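See structure below.
The values are calculated or read from the model by the stated rules, or taken from the named source; none is laboratory data. This one's a predicted model, so the numbers in the text were calculated from it and none came from an experiment. Please note: Cβ atoms are built from the backbone with ideal geometry, for glycine as well, and neighbour counts cover all protein chains shown.
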Amino acid sequence: MKKILSLLLIALVAGSCVSNKKFNSMKAEALRLEGELASSKERVEDLGKLNDRLTEEKIHLIADTTRLSNELAECRKRYKQLLADGSAESARMLRELEDKEMALNDRSQRVAELEAMLKSREEAIDAIRRKVTDALTGFEGKGLSISIRNGNVYVSMDDKLLFRSGSFEIDPNGAEAVRGLATVLAQNNDINVMVEGHTDDVPYRSNGQLKDNLDLSAKRATTVVRLLLENKGIAASRIIAAGRGESLPIDPNKTPEARAKNRRTEIILTPKLDELMQLMEKR
């Protein structure tokens with residue numbers, strides 16, 4: 001009897017140790033995913049702010065160029081009049097004219113630089129879209145779509161392509177699509193990647209592994225990232241995984257069709273912005 005009780009006690013202690021280890025592992029994973037989510041949100045916000053800055057900067061530069069051009073024309077008119085009148089003010093007016101010409105040339109040069117960089121970025125984004133479309137042509141219309149939004153290329157994959165309901169284990173067909181995308185990314189090191197998991201608004205039933213929709217979406221995003229990183233040509237520093245849960249629905253309606261649209265994984269591709277950021281820092 002004592003021997004049996006001892007064995008039971010050992011089993012209980014061992015089970016408790018396993019549970020504690022599992023709990024600590026899950027807690028560490030949750031903290032890591034929260035960190036990745038915060039980082040991805042910051043990166044998306046930075047990209048949005050950059051686009052806003054570029055648009056605002058271009059508007060201001062064009063307005064300044066127009067204003068300076070008008071002022072320069074007026075200065076030239078006044079200068080010619082002063083010369084004709086033999087006025088002593090002509091020397092001062094000449095200096096003012098030269099200053100405005102320099103300012104106008106500077107603004108015009110900056111507008112040209114900004115437009116060239118914006119065009120270069122648009123071409124880079126379109127090139128990414130074409131490469132991804134070519135690599136995934138067999139999947140379009142089968143739960144996969146490719147689009148350009150907010151200056152980024154979005155590869156959106158429905159849950160029916162990637163995951164079974166409530167699962168974060170990737171489907172073989174979806175895995176093939178992800179590997180096809182990984183090939184493109186490995187061949188183009190100038191593309192940064194963010195993988196976002198999205199769910200519908202139906203509450204997830206906690207099963208011990210995952211607590212809610214946010215956990216599920218984060219775990220799915222991490223699964224896709226791990227599969228991408230199986231391609232050794234992709235540096236882990238280029239990729240961020242984030243779980244969005246039900247916070248960013250495509251369709252806010254409560255119909256089965258709307259919820260199906262919202263259950264997706266989005267892989268957001270962005271060309272590196274080093275040159276563009278350096279240009280903005282000159283402002």
Hits in region 162-188 - residues which are surrounded by 14 or more Cβ atoms within 10 Å (Cβ to Cβ), within 20 Å of Asp201 (Cα to Cα) and free of Cβ contacts under 8 Å to residues at least 24 places away in the same chain: Ser167
query: Does region 172-182 hold any residues that are within 23 Å of Glu123 (Cα to Cα) and touching a helix residue (DSSP H, G or I) at 6+ places or on another chain (Cβ under 6 Å), and which are they?
result: Gly180, Ala182
- prompt: Any idea how many residues of region 165-188 are at pLDDT below 90 and under 11 Å from Ala135 (Cα atoms)?
  reply: 0
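Can you tell which of Leu72, Leu97, Leu104 is in a helix (DSSP H, G or I) and more than 30 Å from Arg53 (Cα to Cα)?
Numbers: Leu72 fails: more than 30 Å from Arg53 (Cα to Cα); Leu104 fails: more than 30 Å from Arg53 (Cα to Cα).
Within the list Leu72, Leu97, Leu104, the selection yields Leu97.
Return yes or no: is Glu275 assigned by TED's automatic domain parsing to the domain that holds Ala218 and at pLDDT 95 or above?
Details: assigned by TED's automatic domain parsing to the domain that holds Ala218: yes; at pLDDT 95 or above: no.
When the stated conditions are applied, Glu275 does not pass them.
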message: over 19 Å from Ile170 (Cα atoms), touching a Leu at 6+ places or on another chain (Cβ under 9 Å) and aliphatic (A, V, I, L, M): which single residue out of Ile239, Ile234 fits that description?
response: Ile234
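Could you check region 235-252 and list, in sequence order, the residues that are hydrophobic (A, V, I, L, M, F, W, C) and touching a strand residue (DSSP E or B) at 6+ places or on another chain (Cβ under 8 Å)? Reasoning before the result, please.
Initial filter on region 235-252 (hydrophobic (A, V, I, L, M, F, W, C)): 235-236, 239-242, 248, 250.
Across region 235-252, the qualifying residues are Ile239, Ile240, Ala241, Ala242, Leu248, Ile250.
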field: Val153, sole failed condition from (1) modelled with pLDDT under 85; (2) surrounded by 15 or more Cβ atoms within 10 Å (Cβ to Cβ)
entry: (1)
